[in-house]
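Everything on this sheet refers to the single structure shown next.
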Amino acid sequence: MLLLQQVYYATFAASIVAVVYMIIQYRGVVAMSEGTESMSFMAARIRKGAKVFEFEVWQKITIAPLVLAILIYLFVDKCAAIAFLMGGVVTTIVVIVGMSVATYANVRAAAVALDTVDEDDETAGGKTVSATAKASQICGISVQTALLFGLALVGMIWGFDPFAEAESFIKIEGFEFVASIVRVTAYGLGWSIVAMFCRVPGGIFTKAADIGADLIGKVEFHFKEDDHRNPAVLADQVGDNVNDVAGNQADLGESTTATPNTTIITAITMYATGATAILEGAIAYPFIVLIGGLISSIIGLYYASHAKKSKNPAHQINMSMYIAATGALLSSLLASYICFYGNAPVDFKAGWMSPFLSTVFGIVAGVGVGLIAQKFTDMDSWWAKYIAERADKGP
């Protein structure tokens with residue numbers, strides 16, 4: 001399958017570009033000032049607390065994935081067990097990278113906000129957004145890069161064609177399973193199990209610190225929000241990193257991985273009947289779309305970091321989203337043409353453009369949901385002001 005081989009190489013090339021870009025952004029983050037001595041001291045404490053928490057969690061949860069991998073190896077398929085571990089490993093790398101970057105970036109963003117407190121809103125807001133964008137884009141890009149790289153590796157090692165090898169089916173208790181489907185599912189399961197173990201303990205920890213201990217400080221001792229005299233504040237900040245960053249990254253990666261996995265499984269199920277060109281195109285399609293989405297996301301996020309600043313940071317974020325969505329649409333159109341022009345299945349009502357139109361509907365729905373949510377939370381929104389005016393007293 002020549003097209004798939006080319007897609008794998010393109011995936012690896014895009015991954016290298018993304019990693020280089022993330023390294024450049026990371027160097028930009030660490031080069032920024034941490035602010036005052038007390039800020040640097042507290043940031044070091046939060047960073048250490050987050051690392052200690054993650055180390056303790058990983059000591060406990062590593063056992064479960066390893067046991068599951070052994071069971072898959074013994075009773076399902078040896079290659080599936082390896083694919084499962086690959087999914088778990090790339091998820092772990094993403095989590096570690098994201099949380100490490102966040103613990104370095106948080107205090108630097110605070111330092112920028114402190115330095116610009118006497119400047120006008122547009123300048124202060126713009127500089128703070130630029131500082132936070134350097135780190136946040138590393139967290140987002142690392143997820144998509146890792147899942148794409150890992151999935152391409154699974155395809156390159158074992159392939160997705162159910163008839164390309166002698167042992168194309170796995171027999172378990174009298175039932176036959178397509179080996180390529182089992183392996184891509186196992187890869188996704190590796191993401192899922194790590195996401196579950198990152199999300200649950202991190203979520204419990206941060207809510208216990210925030211809603212429990214931090215709230216007691218406010219009610220019983222009349223501390224303000226995030227008062228440094230309340231030791232629960234430190235725990236809360238640690239929890240925000242281990243849950244809102246590490247947990248969310250793993251959760252987002254698990255959800256995002258399910259999309260190309262499902263597409264590949266559907267393609268194998270529907271078109272593995274000897275129509276090699278259709279099967280190859282259906283498998284290659286999500287890779288091309290995601291590669292285009294990754295590159296356009298990098299461009300959009302770079303714009304958010306360097307564009308002309310506005311008083312409302314949402315304007316920069318929205319523009320980066322529009323750039324990423326446009327890039328994904330263009331890559332989808334290109335993918336539809338490359339994969340299905342001249343050999344579209346008969347059940348494609350719009351011919352080779354059918355997958356493109358489906359992607360358009362999905363992207364429009366996704367952007368629409370984001371804009372609707374923003375309508376009720378944006379600082380310039382009438383709805384947000386309406387709610388705030390009625391929440392000025394009491395809980």
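The values are calculated or read from the model by the stated rules, or taken from the named source; none is laboratory data. Because the structure is a prediction, the values reported are computed rather than measured. Here Cβ is always computed from backbone atoms with ideal geometry, including for glycine, and neighbour counts include all displayed protein chains. Protein only, heavy atoms only, side chains kept; ligands, DNA and RNA dropped before computing areas. Shrake-Rupley method; radii C 1.70, N 1.55, O 1.52, S 1.80 Å.
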Completion exercise
So, for the Cα atoms of segment 247-395, Rg and Dmax in Å stand at 19.7, 68
Exercise for the section: Could you work out the Kirkwood radius for segment 21-78, taking every pair of different alpha carbons, averaging 1/r and inverting it, reported in Å? Expected result: 15.0
Handout entry: Per-residue ³J(HN,Hα) for segment 355-366, Karplus 6.51 cos²θ - 1.76 cosθ + 1.60, θ = phi - 60°, Hz, x for Gly and Pro
Key = x, 4, 5, 4, 5, 4, 4, x, 5, 4, 5, x
Completion exercise
HN-Hα couplings for segment 246-255 via Karplus (6.51, -1.76, 1.60; θ = phi - 60°), in whole Hz with x for Gly/Pro, come out as 4, x, 5, 4, 5, 5, 4, x, 5, 5
Completion exercise
Filtering GluC sites (Glu not before Pro) in segment 217-317 by DSSP loop and by at most 16 other Cβ atoms within 10 Å leaves E225
Handout entry: Using θ = phi - 60° and Karplus 6.51 cos²θ - 1.76 cosθ + 1.60, couplings along segment 80-97 (whole Hz; Gly, Pro as x)
Key = 5, 4, 5, 4, 4, 5, 4, x, x, 5, 5, 5, 4, 4, 4, 4, 5, 4
Problem - Rg and Dmax of the chain, Cα atoms only, in Å - result: 23.5, 73
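Rg/Rh for segment 126-223: what does it come to with C-alpha atoms and Rh from Kirkwood?
With Rh from the inverse mean 1/r over Cα pairs, Rg/Rh is 1.25.
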Completion exercise
quick shape note, segment 195-296: Cα extents on principal axes in Å, largest first -> 72, 27, 15
Practice task
On a C-alpha basis, how far is the centre of segment 65-129 from the centre of segment 336-391 in Å? Whole number, if you could?
Solution key: 26
Practice task
Mind checking the full-extension length gain between W383 and D120? Use 0.36 nm per residue of separation minus the Cα-Cα distance, one decimal, nm.
Solution key: 92.2 nm
Exercise for the section: Using a 1.4 angstrom probe, figure out how much accessible area the chain has per residue, in square angstrom, rounded to the nearest whole. Expected result: 51
Exercise for the section: Calculate what fraction, in whole %, of the accessible area of the chain sits on carbon and sulfur atoms when a 1.4 Å probe is rolled over the protein chains. Expected result: 69
Completion exercise
For 361-373, 180-192, 8-20, 322-334, ranked highest to lowest by mean beta-carbon neighbours within 10 Å, the order is 180-192, 322-334, 8-20, 361-373
Problem - Modelled label reach - D244, point 7 Å along Cα→Cβ, segment 215-229 residues with backbone N closer than 13 Å - result: 226
Exercise for the section: Quick one: which residues, 5+ away or cross-chain, put their amide H under 5 Å from the amide H of F169? H built at 1.01 Å from N. Expected result: A179
